[in-house]
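To keep things clear, I will list the structure first and then write my remarks on it.
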Amino acid sequence: MKRIYQLFILVVMLLIAGCRGEAVSIIPGSPDQTGNNQDNPPTIDVIPLELVDAYPGLSFRQPVVFLHPGDGSNRIFVVEKAGRIYTFENSPQTSSASLFLDISDRVDSSASEKGLLGLAFHPNFAENGLFFVNYTNRTETVVAGYQATKQHPQVGLPGSEKILMTIPQPFANHNGGCLAFGPDGLLYIATGDGGSGGDPQGNAQNLGSLLGKILRIDVDNTIPGLAYGIPADNPLAGNTGGNRQEIYAYGLRNPWKFSFDRNGNLWAADVGQNTVEEINIILKGGNYGWNIMEGSICYPASSKCSQEGLELPVWEYRHPLGQSITGGYVYYGTSLPSLIGAYIYGDYVTGRIWALRVHPGQPPANLELLDSQLHISTFGVDQDDELYIVDFGGKIYKLQPAG
């Protein structure tokens, strides 16, 4: 009876939210994943905020990644979709950026979702100069490692490319592209479902495919036949049934951005099909439902489906509140103390920016911070954990208290 009542309440929530165009929360029955105080429900203080130009002297062409290298140098790196990476000192007075790497000769950025889409610095970048990228060529996704020079200023060496993996792409869209090293020192890779609409090839649920997944590999220890290693605790490591051992989680449509918080939780925002934009906290071996479900509803919406064995989003919102989610970061900076510990994310189409706190067993708190009117291609943080918002039109912004 309790289960039936819970399902009834969930259906009512979904119907109400669908009518109002509101966000809907789905809280999985799992241990505390966010480090929130379990004795108090999550809250977010309402403080008027505004956007400020973080670097008035800088502008980029279709920027899609913003990050620091983790080496204490106070540098920022910005990736342009066409295949170039620029670096500059993290100061509002900076007036120029230097070219760090140009691989535009091997990157196909002709379609809206193709290009140089990901960058990750090795945890020991300060010592070994290694970094990794994710890009599309004409027919494939390519994940490759590069070497930077040891001189100051460092530059990436285009000729040092070491291809780790290639993934055939049947269509031009849904390429994922995000890369990040986890607290375990392993490289995590987001892949889309291969494109078109509705995952016509069923890639996201196919454990024999690398598409529609979060992958996890070891770049420091290779195994025969591969340019990387398979972590021994990957969910499918050692299987002999044809399932891909690189898979960490699956059932994703187009996880455009993901990030780790200080507790080691992996937050992934998955771009929806027709109705739902969703946020997931990724668990090892988890199936996030696509294309059985889109967020918390069956896909197609007119179909019947079972949620058994599927991980539901921790938060979702419906169109037209937004139409293409851009994942962000849990905030740990000092300039916005009321947002410490909140996950900041946005929407590429509408430009809205929100803060989210989740705690299993309690209603999450989700607050719209402002309607930026930007095409938010990515968020980023600097070495002091301050947050930045990147507009695909070329500028980079920060949030600050209004007034």
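The values are calculated or read from the model by the stated rules, or taken from the named source; none is laboratory data. All of these numbers come straight from a predicted model, not from anything done at the bench. Glycine gets a Cβ as well: all are built from the backbone with ideal geometry, and neighbour counts include every protein chain shown.
From the list Lys213, Lys162, which one is more than 17 Å from Leu67 (Cβ to Cβ), at pLDDT 95 or above and surrounded by fewer than 17 Cβ atoms within 10 Å (Cβ to Cβ)? Even if it seems obvious, please write down each step before you answer.
Working: Lys213 fails: surrounded by fewer than 17 Cβ atoms within 10 Å (Cβ to Cβ).
Answer to the check: Lys162.
What residue, of Trp267, Trp256, is of a type outside the set (D, E, K, R), in contact with a Cys (Cβ under 8 Å, 6 or more places away or on another chain), modelled with pLDDT of 95 or more and buried (at least 18 other Cβ atoms within 10 Å of the Cβ)? Among Trp267, Trp256, only Trp256 is of a type outside the set (D, E, K, R), in contact with a Cys (Cβ under 8 Å, 6 or more places away or on another chain), modelled with pLDDT of 95 or more and buried (at least 18 other Cβ atoms within 10 Å of the Cβ). Just a yes or no: is a residue in region 143-154 in contact (Cβ under 8 Å) with a residue 40 or more places away in the chain and assigned to a loop (DSSP other than H, G, I, E, B)? Checking region 143-154: at least one residue is in contact (Cβ under 8 Å) with a residue 40 or more places away in the chain and assigned to a loop (DSSP other than H, G, I, E, B). For region 171-222, residues that are of a type outside the set (A, V, I, L, M, F, W, C) and outside any loop (DSSP other than H, G, I, E, B) total 4. Could you tell me whether region 119-140 includes any residue that is in a loop (DSSP other than H, G, I, E, B), touching a helix residue (DSSP H, G or I) at 6+ places or on another chain (Cβ under 8 Å) and buried (at least 17 other Cβ atoms within 10 Å of the Cβ)? Yes, region 119-140 contains at least one residue that is in a loop (DSSP other than H, G, I, E, B), touching a helix residue (DSSP H, G or I) at 6+ places or on another chain (Cβ under 8 Å) and buried (at least 17 other Cβ atoms within 10 Å of the Cβ).
Out of region 336-363, which residues are in a loop (DSSP other than H, G, I, E, B), more than 16 Å from Ser259 (Cα to Cα) and not aliphatic (A, V, I, L, M)?
Initially, region 336-363 is screened for residues in a loop (DSSP other than H, G, I, E, B), giving 336, 340-342, 348-351, 360-361.
Applying the additional criterion that residues be more than 16 Å from Ser259 (Cα to Cα) yields 336, 348-351, 360-361.
Tyr348, Thr350, Gly351, Pro360, Gly361, listed by residue number.
Picking from residues in region 237-273 that are of a type in the set (A, V, I, L, M, F, W, C) and outside any strand (DSSP E or B), the one that is nearest to Tyr345 (Cα to Cα) is Val271.
What number of residues within region 280-335 are assigned to a loop (DSSP other than H, G, I, E, B), under 18 Å from Ile376 (Cα atoms) and more than 18 Å from the chain's Cα centre (by Cα)?
Within region 280-335, residues that are assigned to a loop (DSSP other than H, G, I, E, B), under 18 Å from Ile376 (Cα atoms) and more than 18 Å from the chain's Cα centre (by Cα) number 3.
Among all residues of region 178-192, there is at least one that is acidic (Asp, Glu), at pLDDT 95 or above and under 23 Å from Tyr329 (Cα atoms).
Close Cβ contacts (under 8 Å, 6 or more residues apart or on different chains) running from residues in region 252-269 that are more than 13 Å from Val330 (Cα to Cα) to residues that are buried (at least 19 other Cβ atoms within 10 Å of the Cβ) and at pLDDT below 95 are absent.
Residue count for region 223-236, restricted to those that are part of a loop (DSSP other than H, G, I, E, B), under 26 Å from the mean Cα position of the chain (by Cα), free of Cβ contacts under 8 Å to residues at least 40 places away in the same chain and farther than 28 Å from Gly195 by Cβ: 1.
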